[in-house]
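*Asks:* Attaching a single structure in structure tokens format; questions to follow.
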Amino acid sequence: MSKYARLLVPGRFQPPHYGHISTIKYALKLADEVIVVVGSAQESYTLSNPLTAGERVLLLRKVLSHELGDDYYRVYIVPVMDIKMHKVWVQYLRMLLPPFDGVVSGNELVLMLFEDMGLAALKPSLYKPDVCNGSIIRDLVARGGNWWECVPKVIMNDLENIGFTLRVKRLAGVNIEASRD
């Protein structure tokens, strides 16, 4: 029997990477079920949020079914729009999601908000935080750097089919014609 019935793992997953997978695996060791909250669901086609919520859900489904095997059935993936009001965010999540006992996150603000509501706020060891970070990955994509070491190979073709690299470069203002020479 797990210590918790259900824990949340919130993130934007822009794109899903090994840091996310590591956090979800950690949460699954502690809870019977995990709700992966795909945050900022209303945002897309910006440099911070290049992928749509639907694209992120599909990518997460594929990578988690591959990485988790039989434990995949213990994971819910739910897109959630932002409300831009930190103090009531946890209550907002309570309204939208099945009951939960707490959160697993590397984000200090998220941890504080859950602690303030008397819920578990668990900080995992972060997987290569200086490399496997969405902002760093998107920056490397824009600059043509080595970004794929943190992104599971199982979704690389999907990212290519979505046009992820080109989309990020265009959103970053990279001259696509000049970068092809």
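*Asks:* Residues to consider are VAL90, VAL104; find the one that is more than 19 Å from HIS20 (Cα to Cα) and touching a Phe, Trp or Tyr at 6+ places or on another chain (Cβ under 7 Å).
*Replies:* Step by step, each of VAL90, VAL104 is checked, and only VAL90 is more than 19 Å from HIS20 (Cα to Cα) and touching a Phe, Trp or Tyr at 6+ places or on another chain (Cβ under 7 Å).
*Asks:* If you don't mind, there's one more thing I want to ask. Sort out which residues of segment 128-148 are within 19 Å of VAL38 (Cβ to Cβ) and not polar (S, T, N, Q), and write them in order of number.
*Replies:* Within segment 128-148, CYS132, GLY134, ILE137, ARG138 qualify.
*Asks:* Okay, moving on. At pLDDT below 95, over 16 Å from the mean Cα position of the chain (by Cα), farther than 23 Å from VAL141 by Cβ and charged (D, E, K, R), is that true of LYS84?
*Replies:* Here the answer is yes, as LYS84 does meet what is asked.
*Asks:* Under the condition of being surrounded by fewer than 20 Cβ atoms within 10 Å (Cβ to Cβ) and among the charged types (D, E, K, R), which residue from segment 1-29 is farthest from ARG61 (Cα to Cα)?
*Replies:* Out of the qualifying residues, it is LYS3.
*Asks:* Moving on. Which count do you get for residues in segment 9-31 that are out of contact with any helix residue (DSSP H, G or I) (no Cβ under 7 Å at 6 or more places or on another chain) and assigned to a strand (DSSP E or B)?
*Replies:* Total satisfying the criteria: 1.
*Asks:* Among the candidates LEU122, LEU159, LEU109, which residue alone is exposed (fewer than 11 other Cβ atoms within 10 Å of the Cβ) and either at pLDDT 95 or above or within 23 Å of LYS62 (Cα to Cα) (or both)?
*Replies:* Only one candidate qualifies: LEU109.
*Asks:* So, one more: On the basis of being closer than 28 Å to TYR26 by Cα, in contact with a helix residue (DSSP H, G or I) (Cβ under 8 Å, 6 or more places away or on another chain) and touching a residue at least 24 places away in the same chain (Cβ under 8 Å), does ILE162 make the cut?
*Replies:* no
*Asks:* Then there's this: In segment 129-156, which residue that is farther than 17 Å from ASN49 by Cα and touching a Cys at 6+ places or on another chain (Cβ under 7 Å) is surrounded by the fewest Cβ atoms within 10 Å (Cβ to Cβ)?
*Replies:* Checked segment 129-156; the qualifying residue surrounded by the fewest Cβ atoms within 10 Å (Cβ to Cβ) is VAL131.
*Asks:* Let me ask something additional. Could you list, in sequence order, the residues of segment 40-64 that are over 17 Å from ASN161 (Cα atoms) and surrounded by 14 or more Cβ atoms within 10 Å (Cβ to Cβ)?
*Replies:* SER40, ALA41, GLU43, LEU47, ASN49, LEU64
*Asks:* While we're looking at this one, here's another question. Quickly run through segment 136-157 and pick out the residues that are touching a residue at least 60 places away in the same chain (Cβ under 8 Å) and under 22 Å from PRO10 (Cβ atoms).
*Replies:* Within segment 136-157, ILE137, ARG138, CYS150, VAL151, PRO152, ILE155 qualify.
The values are calculated or read from the model by the stated rules, or taken from the named source; none is laboratory data. From a predicted model like this one, the values you see are computed outputs, not experimental measurements. All Cβ positions, glycine included, derive from the backbone under ideal geometry; neighbour counts span all protein chains shown.
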